[in-house]
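Trainee: Sending over a structure as structure tokens; questions will come in a sec.
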Amino acid sequence: MDKRLAGKTILLGITGGIAAYKAAALCSRLIGLGASVRVMMTEGATKFITPLTLQTLSRHPVATDVFDERDAAIVQHIDWADSADLAVVAPATANMLSKMANGLADDMLSTTLLATTAPILVAPAMNVHMWEHPAVIDNVNILASRGVTFVEPGSGQLACGYVGKGRLAEPDEIVEAVVTMLVGPRPLAGKRVLVTAGGTIERIDPVRYITNDSSGKMGFAIAEAARDGGAEVTLVCGKTEVTPPNGVNVVKVESALHMYDEVMARLPQIDIVVKAAAVADYRPAHREEHKIKKKSEALTLELIRNPDILHAVGAWKEGQQGKRKLFVIGFAAETMEVEKHAMDKLARKKCDLIVANNVSEEGAGFGKETNIVSVYSPQGLVEHMPKMSKRAVAERLWLLATTRMNHLAEQGDGKGTKE
Ligand code: CTP
């Protein structure tokens with residue numbers, strides 16, 4: 001479970017615009033990430049969405065009236081102002097922006113925003129002409145110059161009938177901004193990651209095929225950890241035993257040839273490739289159209305080589321000559337002389353990192369919940385990971401990969417991709 005906002009208290013101010021209903025989704029996402037949310041609504045906001053909705057979602061009373069002091073031991077707006085790690089105003093009307101810019105304190109929310117020393121995040125929503133009005137522009141500039149952060153409105157069909165800029169940013173975008181402000185940017189934010197997982201199926205006839213023991217668990221854990229790290233993830237998966245993670249773009253494939261096509265076609269839009277799939281090295285030379293009948297005592301199956309997808313990815317990267325940076329992570333499943341074979345594969349397939357495991361070791365390899373891996377770069381061993389869950393391996397791998405990518409980026413334009 002992703003609880004990145006655990007221990008954080010967020011003051012959520014909702015003002016009176018049609019987008020107020022979206023604040024409910026925002027509130028529940030912040031709570032889902034572990035935050036404690038205190039909701040304040042202006043009177044206008046209560047016309048669009050009921051305080052009871054927000055009280056139920058936040059599991060706290062909703063404050064609407066500055067004079068409604070229920071607890072004699074505290075002054076509520078000061079208490080909430082002091083306890084907040086972050087104040088979020090979403091949606092913020094033109095009126096609320098004006099009050100904030102001018103320091104007005106004539107309702108519960110504006111008063112609390114004056115009283116808080118917590119950082120403030122504002123997501124405005126209004127008619128396109130209001131958003132473009134010089135008064136609103138001035139107010140936004142004043143607030144920005146005081147350190148207020150904005151999640152700008154999106155463009156599109158507005159509730160008032162106009163098409164243009166002014167509609168509230170999507171709750172996911174606001175959540176991303178909240179997370180960035182409270183815990184820092186996610187390490188893979190803005191990165192497009194392609195992960196292959198599972199085994200390929202090489203058909204002999206309509207009912208028979210050659211495959212391997214890969215369960216897809218390692219690749220899925222890598223895709224899931226990349227998603228949680230903020231990446232946009234495409235998961236190209238063959239035969240797997242488990243359900244793919246949510247929130248990633250799943251592309252189902254069967255054969256190595258099919259996987260080759262789906263991976264290669266996507267490379268121009270990808271920043272990082274992780275080849276965790278167990279790709280069959282050979283496929284039947286002929287795929288019979290009809291089920292093979294048993295006739296003779298022995299049957300010989302002719303197999304021919306499949307393309308090496310990782311090799312092709314490495315060659316594609318080299319062909320870009322630094323114009324297009326691609327970070328490539330390969331896998332090496334070995335049963336002996338792990339380091340020698342892994343380093344050889346890394347060099348041949350032009351990988352930036354290779355994750356090697358001895359699949360004959362107890363607690364490593366196909367189908368298991370755990371893995372034991374060693375990660376190598378072109379310079380040699382980077383880290384040996386003792387037996388740990390595949391998810392823990394995935395998280396550690398992303399840490400090593402981002403460190404390495406930053407290191408290569410520091411080495412400068414183009415030079416970074418060549419060792
Ligand atoms: N790989 C690939 N396409 C293939 C074979 C392997 O992309 N046709 C990739 C795997 O996804 C993995 C890496 O190459 O990331 C190494 O796979 P592995 O099976 O360990 O090695 P092979 O290259 O097949 O070499 P060998 O069978 O000789 O060990």
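The values are calculated or read from the model by the stated rules, or taken from the named source; none is laboratory data. Bear in mind the structure is a predicted one, so any value in this text is a computation, not a measurement. Glycine also receives a Cβ, built like all others from the backbone with ideal geometry; neighbour counts cover every protein chain displayed. Ligands, DNA and RNA are excluded from the accessible area calculation, which covers all protein heavy atoms including side chains. Shrake-Rupley method; radii C 1.70, N 1.55, O 1.52, S 1.80 Å.
Trainee: Any idea what log10 I(q)/I(0) is at q = 0.10, 0.11, 0.14 Å⁻¹ for the range 192-412, Debye with uniform C-alpha scatterers and no solvent?
Mentor: -0.44, -0.53, -0.84
Trainee: Of the beta bridges DSSP finds with both residues in the range 225-329, what % are antiparallel, to the nearest 5?
Mentor: Expressed as a percentage, antiparallel bridges in the range 225-329 total about 30.
Trainee: How large is the Kirkwood hydrodynamic radius of the range 241-360, in angstrom, based on all distinct alpha carbon pairs?
Mentor: That comes to 16.7 Å for the range 241-360.
Trainee: A further question follows. Per residue, how much accessible area does the chain show when a 1.4 Å probe rolls over the protein heavy atoms, in square angstrom?
Mentor: Accessible area per residue, the chain: 48 Å².
Trainee: Working from Cα positions, state the angle (0 to 90°, nearest 10) between the long axis of helix 309-319 and the longest principal axis of the chain.
Mentor: Tilt of helix 309-319: around 70 degrees.
Trainee: Assuming 1.567 mPa s and 4 °C, estimate D for the range 66-136 with Stokes-Einstein, Rh taken as the Kirkwood radius over Cα pairs, in µm²/s.
Mentor: D = 98 µm²/s.
Trainee: Related question: Using the alpha carbon gyration tensor of the chain, what are the three equivalent-ellipsoid semi-axes (square root of 5 times each eigenvalue), largest first, in whole Å?
Mentor: 53, 22, 21
Trainee: Work the Kirkwood hydrodynamic radius out for the range 9-183: mean of 1/r over every pair of different alpha-carbon atoms, inverted, in Å. Please list the in-between numbers first.
Mentor: Details: mean 1/r = 0.0628 Å⁻¹.
Evaluated over the range 9-183, this radius sits at 15.9 Å.
Trainee: From the cross-link list 239/295; 252/275; 239/345, which pairs have alpha carbons spaced over 19 Å apart?
Mentor: Too far apart for the 19 Å limit: 239/295; 239/345.
Trainee: With charges only on Cβ, +1 for K and R and -1 for D and E, what is the dipole size of the range 1-109 about its Cα centre, in debye, rounded to 20?
Mentor: Taking the Cα centre of the range 1-109 as origin, the dipole is about 580 debye.
Trainee: Separate question: Find which of 267, 237, 194 sits farthest along the positive direction of the dipole of the range 192-412, computed with +1 on the beta-carbon of Lys and Arg, -1 on that of Asp and Glu, about the Cα centre.
Mentor: 267
Trainee: Another one. Out of the total accessible area of the chain (probe 1.4 Å, heavy atoms of protein only), what percent is carbon and sulfur? It would help to have the intermediate numbers written out before the result.
Mentor: On the way: 10560 of 20270 Å².
Carbon and sulfur together cover 52 percent of it.
Trainee: Residue by residue, what Karplus-based ³J(HN,Hα) values in Hz, rounded to whole numbers, does the range 377-383 have, using 6.51, -1.76 and 1.60 with θ = phi - 60° and x for Gly and Pro?
Mentor: Rounded to whole hertz, the list is 10, x, 8, x, 4, 9, 7.
Trainee: Sticking with this structure for a sec: Give the peptides 286-292, 202-208 in descending order of average Cβ contacts within 10 Å, highest first.
Mentor: The most tightly packed comes first, giving 202-208, 286-292.
Trainee: Right, here's the next one. Please give the calculated 222 nm ellipticity per residue for the chain, where each DSSP H segment of at least 4 residues contributes -39500 (n - 2.57) and the sum is spread over every residue; nearest 500 deg cm²/dmol?
Mentor: Calculated from helices alone, the mean residue ellipticity at 222 nm is -10500 deg cm²/dmol.
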